[in-house]
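As structure tokens, the structure follows; a few thoughts come after it.
Read-outs throughout are calculated quantities, based only on the coordinates presented, and are distinct from any laboratory measurement. Since the model is a prediction, treat every value here as computed from it, not as a measurement. We place every Cβ from the backbone using ideal geometry, glycine too, and count neighbours over all the protein chains shown.
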Amino acid sequence: MIAVLEAILGSTSAERVLVFLCAREGGYAAEIARAFATDLSPIQKQLERMERDGLLISRTIGRTRVYEFNPRNPFVPELKSLLRKALDLYPEQIKESLLLDRRRPRKKSKPL
Amino acid sequence: MKPIGELSRLELAALLCETLKNHGIDVVLSGGSCVSIYSSERYVSKDLDFIDISLKSNRQIAQAIQSLGFENRPRNSRHFTHPDSNLSVEFPSAPLTVGEEYIPSSAVNTLSTDLGTLRLLTPTDCVKDRLANYYYFRDNQCLEQAVLVAKAHPIDLNSLETWHKNEGQEQGFKQFLRLLQGK
């Protein structure tokens, strides 16, 4: 993790949540925890706290609660700039796993 | 004083605003309840969204509002309910903004009632607030609410046009004017 970012945010989990959402534009607790190979509970707590404080918004898709930055929060553009800078400084392996996820559709019956 | 359950939205909002002010907490009503008040309840919001512009802690707000019988549910959230009222109360985080535009404390509207003075968004800022939801979230209900308020109250169209330009929504302003004129 980036020490300065962790110092500002006060929590490794908070940094992970924000960096993930910055990289992917949205996400749910389990996939964020999986991306950083960490426990689910602290990630969920951070997501709930950030939503409560107006930084994130969420919506349910099926049975999954998906979070993203609240576009109406005036601090979001500058925060994203900071997070993009942090993301640039991440180890290549983590950066690639966050940025190069498959987004295009895949038919249900299509073989891998 | 009438029981909480018998108060109108405006009365309850004013009572809350006054009570919080007496505890040193300055709040401004925002969101759907402004639409309800400005549209004479043609749109019915289920909650009162107050922005705390004095930046007090959630604990201070909870202590103040609990004196009226409101309970913090779930605990440590920004959400409060009263056993006798259908209206819940929320405190979305400050600052008071509509889109990118900051609204200073001096630019809010006030409505006086027997139970206190309510501070709330002006009709023009209420329209911007609803339109921001429409532009950011494609929420068509909010577009209808913006038109509802603008038809019921004088709106500063110059300010609204400038706001649209700053938001990069020039086409949205044209669409809104067409709807306002019933075209």
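Quick notes on this one:
- Separation of segment B:18-41 and segment B:50-124, taken as the distance between their Cα centroids, equals 6 angstrom.
- If you take all other residues with their beta carbon under 10 Å from the beta carbon of A:GLN46, and give Lys and Arg +1 and Asp and Glu -1, the sum is 0.
- Semi-axes of the equivalent ellipsoid for the protein assembly as shown, computed as √(5λ) from the eigenvalues of its C-alpha gyration tensor and ordered from largest down, come to 37, 25, 18 Å.
- Absence of a disulfide-compatible partner, taken as no other cysteine beta carbon within less than 4.7 angstrom, is noted in the protein assembly as shown for A:CYS22, B:CYS17, B:CYS142.
- All lysines inside 26 Å of B:LYS2 as judged from Cα atoms, apart from same-chain residues fewer than 8 positions distant: B:LYS21, B:LYS46
- Overall shape of chain A was characterised from the C-alpha gyration tensor. The equivalent ellipsoid obtained from it has semi-axes of 23, 18, 14 Å, in decreasing order.
- Charged-residue dipole, Cβ positions (Lys, Arg, Asp, Glu), the protein assembly as shown about Cα centre, Debye nearest 20: 1380
- Each eigenvalue of the Cα gyration tensor of segment B:1-146, multiplied by 5 and square-rooted, gives one semi-axis; in descending order these are 23, 17, 15 Å.
- Under the convention that each Lys and Arg Cβ holds +1 and each Asp and Glu Cβ holds -1, the size of the dipole of chain B around its Cα centre is about 240 debye.
- The Cα atoms of segment A:54-108 define a convex hull whose projected area, averaged across directions, is 5.6 nm².
- Debye equation applied to the C-alpha atoms of segment B:51-110, log10 I(q)/I(0) at 0.18, 0.20 Å⁻¹: -0.71, -0.83
- Over the C-alpha trace of segment A:1-49, radius of gyration and Dmax come out as 9.8, 26 angstrom.
- Each Cα pair under 8 Å and six or more residues apart adds its sequence gap; the mean of these over the residue count of segment B:64-161 is a relative contact order of 15 percent.
- In chain A, the DSSP-assigned H stretches of four residues or longer account for a calculated mean residue ellipticity at 222 nm of -16000 deg cm²/dmol, using -39500 (n - 2.57) per stretch and the full residue count as denominator.
- Between the Cα long axis of helix B:9-22 and the first principal axis of chain B there is an angle of about 60°, rounded to the nearest 10.
- For chain B, the longest principal axis of the Cα atoms and the long axis of helix B:140-152 meet at an angle of about 90 degrees.
- Spatial extent of segment B:91-183: Rg and Dmax, with the Cα atoms as the point set, Å: 13.6, 43
- Sum of -39500 (n - 2.57) over DSSP H runs of 4+, divided by residues of chain B (222 nm, nearest 500): -13000 deg cm²/dmol
- Segment A:8-112: relative contact order in percent, alpha carbon pairs under 8 Å with at least 6 residues between: 28
- Charge dipole magnitude, Cβ of K and R +1, D and E -1 - chain A, Cα centre, debye nearest 20: 820
- 5 Å binning of all Cα-Cα separations within segment A:19-80, expressed as whole percents from 0 upward: 4, 19, 29, 29, 14, 5, 0
- Summed residue charge, Cβ within 9 Å of A:ILE57's Cβ, Lys/Arg positive, Asp/Glu negative: 0
- A cut-off under 12 angstrom between Cβ atoms defines the neighbours of A:LEU82, and their net charge, with Lys, Arg +1 and Asp, Glu -1, is 0.
- Furthest towards positive pole of dipole, B:GLN66, B:SER112, B:LEU148, structure part segment B:1-150, Cβ charges: B:GLN66
- Expressed in units of 2.2 N^0.38 Å, where N is the residue count, the Cα radius of gyration of segment B:1-49 is 1.16.
- Cα-based helix-to-principal-axis angle, A:40-52 vs chain A, degrees rounded to 10: 60
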